[in-house]
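Trainee: Below is the structure I would like to discuss, written out as structure tokens.
The values are calculated or read from the model by the stated rules, or taken from the named source; none is laboratory data. Note that the coordinates shown come from a computational prediction; the quantities given were computed from them, not determined experimentally. Quick reminder, even Gly has a Cβ in these numbers, built from the backbone with ideal geometry, and neighbours come from all protein chains shown. Note: areas computed on protein heavy atoms with side chains; ligands, DNA, RNA excluded. Shrake-Rupley method; radii C 1.70, N 1.55, O 1.52, S 1.80 Å.
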Amino acid sequence: MSMILFACVVRVRDGLPLSASTDFYHTQDFLECRRRLKTLALRLAQYPGRGSAEGLAFSIHFSSSRDVACMAICSCQCPAAMAFCFLETLWWEFTASYDTTCIGLASRPYAFLEFDSVIQKVKWHFNYVSSTQMESSLEKIQEELKFQPPALLTLEDADVANGVMNGHPQMHLEPAPNFRMEPVTALGMLSLILNIMCAALNLIRGIHLAEHSLQVAQEEIGSILAFLIPFVACIFQCYLYLFYSPARTMKVVLMLLFICLGNMYLHGLRNLWQILFHIGVAFLSSYQILTRQPQEKQSDCGV
């Protein structure tokens with residue numbers, strides 16, 4: 001009989017599931033244990049590196065290091081040393097396959113679902129290879145557990161820690177929602193092209209004026225900044241249009257203000273029509289940013 005029934009890899013800081021083994025068990029007790037594993041995953045940052053949540057039929061074991069944690073549901077007959085040896089092996093396999101940047105940038109559940117094959121392979125090894133063949137690894141883990149025992153919880157503790165009490169409705173806790181933007185419109189694409197054109201003009205004029213000023217005088221510093229600051233603002237407007245950002249309205253107003261003030265300061269270096277063109281593009285881009293609404297991406301929690 002298999003002693004390790006289910007395993008998953010999660011991100012510690014927010015409990016986002018990164019990969020999981022295919023689930024072949026559908027008993028009520030097991031599904032309840034799965035639910036509690038998910039709620040426990042959201043609180044991993046508050047626990048030490050190793051821990052166990054004991055139940056009557058199943059146990060949850062977890063092992064975390066840096067921003068990656070491995071969790072497993074095991075039968076109660078599974079020795080703790082074997083469970084933690086399995087989790088440590090899984091952790092090394094996962095961190096060797098994916099770098100910290102990929103893990104940190106993951107924005108949807110089960111972004112590394114292809115790792116399922118590795119989880120199944122390691123799980124099979126620990127379930128069906130005799131313990132004598134893993135004796136040295138198990139002895140090492142047993143020694144570590146003697147000096148640093150894992151945090152002991154009950155499966156009920158996992159619920160209580162997340163504010164779920166018997167007889168009360170369960171709060172649905174998830175990582176921060178992931179957003180994707182509405183499709184880019186033709187007018188939005190035009191605003192991007194014009195914004196990039198304005199940014200390029202500001203950068204070229206600013207660099208040219210900087211080269212001239214360094215050789216002749218220092219009075220043109222204000223004009224140089226009046227070119228370069230709107231350049232940065234134009235680029236940031238492009239970013240705000242393409243990607244979701246918190247406090248978007250405030251950032252849009254701030255970038256629009258920088259562009260308007262910069263162009264007004266450049267009166268004399270630019271004629272009225274040039275100033276109106278740059279300000280007009282800034283207003284068009286601001287309008288497109290504010291009217292392109294984010295759409296909340298539905299979490300695909302199925303494995």
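Trainee: What residue, of MET165, MET171, is open to solvent by 60 Å² or more (accessible area, probe 1.4 Å), at pLDDT below 90, on the phi < 0 side of the Ramachandran plot and touching a Gly at 6+ places or on another chain (Cβ under 8 Å)?
Mentor: On inspection, the qualifying residue turns out to be MET171.
Trainee: Take the conditions under 22 Å from the mean Cα position of the chain (by Cα) and surrounded by fewer than 19 Cβ atoms within 10 Å (Cβ to Cβ) and apply them to ASP29. Does it pass?
Mentor: no
Trainee: For MET181, are the conditions met, namely being surrounded by fewer than 17 Cβ atoms within 10 Å (Cβ to Cβ), at pLDDT below 85 and under 22 Å from LEU37 (Cα atoms)?
Mentor: no
Trainee: Here's something else I'd like to know. Please specify each residue of the stretch 236-281 satisfying the condition of being more than 31 Å from the chain's Cα centre (by Cα) and either open to solvent by less than 70 Å² (accessible area, probe 1.4 Å) or at positive phi (or both).
Mentor: Hits for the stretch 236-281 are ILE259, CYS260, GLY262, ASN263, LEU266, GLY268, ARG270, ILE275, HIS278, ILE279, GLY280, VAL281.
Trainee: May I pose another question? List every residue pair whose Cβ atoms sit under 7 Å apart, with the two residues 6 or more apart in sequence or on different chains, where the first one lies in the stretch 23-36 and is farther than 19 Å from GLU54 by Cα and the second, anywhere, is open to solvent by 30 Å² or more (accessible area, probe 1.4 Å).
Mentor: That search, which allows pairs on different chains as well, returns ASP23/VAL303.
Trainee: Let me ask something else about it. Scanning the stretch 1-20 for residues that are assigned to a loop (DSSP other than H, G, I, E, B) and more than 14 Å from the chain's Cα centre (by Cα), which turns out modelled with the lowest pLDDT?
Mentor: MET1
Trainee: Do we find a residue being within 19 Å of ASP14 (Cα to Cα), modelled with pLDDT of 90 or more and of a type in the set (A, V, I, L, M, F, W, C) anywhere in the stretch 88-102?
Mentor: Yes - at least one qualifying residue is present in the stretch 88-102.
Trainee: Is it the case that the stretch 280-295 has a residue that's out of contact with any Phe, Trp or Tyr (no Cβ under 9 Å at 6 or more places or on another chain) and at pLDDT below 85?
Mentor: Yes; the residues of the stretch 280-295 include at least one that is out of contact with any Phe, Trp or Tyr (no Cβ under 9 Å at 6 or more places or on another chain) and at pLDDT below 85.
Trainee: In this structure, is SER75 in contact (Cβ under 8 Å) with a residue 12 or more places away in the chain and touching a strand residue (DSSP E or B) at 6+ places or on another chain (Cβ under 9 Å)?
Mentor: yes
Trainee: Give the number of residues within the stretch 13-26 that are surrounded by 19 or more Cβ atoms within 10 Å (Cβ to Cβ) and either of a type outside the set (Gly, Ala, Ser) or farther than 23 Å from SER65 by Cα (or both).
Mentor: Count: 3.
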